[in-house]
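Trainee: Have a look at this one before I ask anything.
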Amino acid sequence: RAPALTADLGALWRVGNWAAAGGVRNAFGSLRLGSYADSLPFVAYGAASWRRGQWLAVAEADLPRQDAMVLSCGSEYRVRAAPGLSAAARAGWRSERRDAGGLGGVSFGFGVSWRGLDGDFSWMPGGRLGDVMQYSMKASF
């Protein structure tokens with residue numbers, strides 16, 4: 001048995017087309033296994049976004065306790081194809097993924113939403129281990 005207890009704390013502010021957020025992940029606690037305990041990976045973060053029509057731009061900075069700062073940014077363009085149906089194209093960059101060659105840190109994706117059902121796909125280069133492709137499905141009701 002390896003028990004742990006922690007919490008994430010954050011706040012979100014919205015003003016017009018702008019939004020900003022800040023908080024911490026794993027605010028306290030450690031993971032214990034027998035007599036050995038290791039602190040959970042504490043991360044302080046701040047983020048901002050701007051929306052104009054169907055276009056969304058975002059930026060985030062993560063400051064882990066035990067590692068270098070990670071910067072990321074991305075963009076999404078969403079098209080409403082019909083009532084209840086929309087599609088989105090996405091692109092992003094994350095500073096910690098520089099080991100994956102010439103496209104290190106870059107990611108691309110797309111998603112489709114229909115009446116509370118969402119399907120998403122993303123791709124990012126994985127370096128020596130090969131590319132990473134992630135799929136997700138979500139149902140809202």
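Trainee: Out of (1) loosely packed, with under 14 Cβ neighbours inside 10 Å; (2) modelled with pLDDT of 95 or more, the odd one out for Gly23 is which?
Mentor: (1)
Trainee: Any residue that is in contact with a helix residue (DSSP H, G or I) (Cβ under 9 Å, 6 or more places away or on another chain), within 24 Å of Asn17 (Cα to Cα) and not small (Gly, Ala, Ser) - is there at least one of those in segment 59-76?
Mentor: There is at least one residue in segment 59-76 that is in contact with a helix residue (DSSP H, G or I) (Cβ under 9 Å, 6 or more places away or on another chain), within 24 Å of Asn17 (Cα to Cα) and not small (Gly, Ala, Ser).
Trainee: Yes or no: Ala7 assigned to a loop (DSSP other than H, G, I, E, B) and under 26 Å from Ala139 (Cα atoms)?
Mentor: In short, yes.
Trainee: I need every pair where a residue in segment 23-49 that is under 17 Å from Val70 (Cβ atoms) and hydroxyl-bearing (Ser, Thr, Tyr) has its Cβ under 7 Å from the Cβ of a residue that is assigned to a strand (DSSP E or B) and modelled with pLDDT under 90, sequence separation at least 6 or different chains.
Mentor: Nothing qualifies.
Trainee: Between Arg25, Arg14, which is more than 20 Å from Gly92 (Cβ to Cβ) and among the basic types (Lys, Arg)?
Mentor: Arg14
Trainee: Look at segment 110-141 and say how many of its residues are of a type in the set (Gly, Ala, Ser) and in contact (Cβ under 8 Å) with a residue 24 or more places away in the chain.
Mentor: Matching residues across segment 110-141 total 7.
The values are calculated or read from the model by the stated rules, or taken from the named source; none is laboratory data. All values derive from a computational prediction rather than experimental measurement. In this analysis, Cβ positions are derived from the backbone assuming ideal geometry, glycine residues included, and neighbour counts consider all displayed protein chains.
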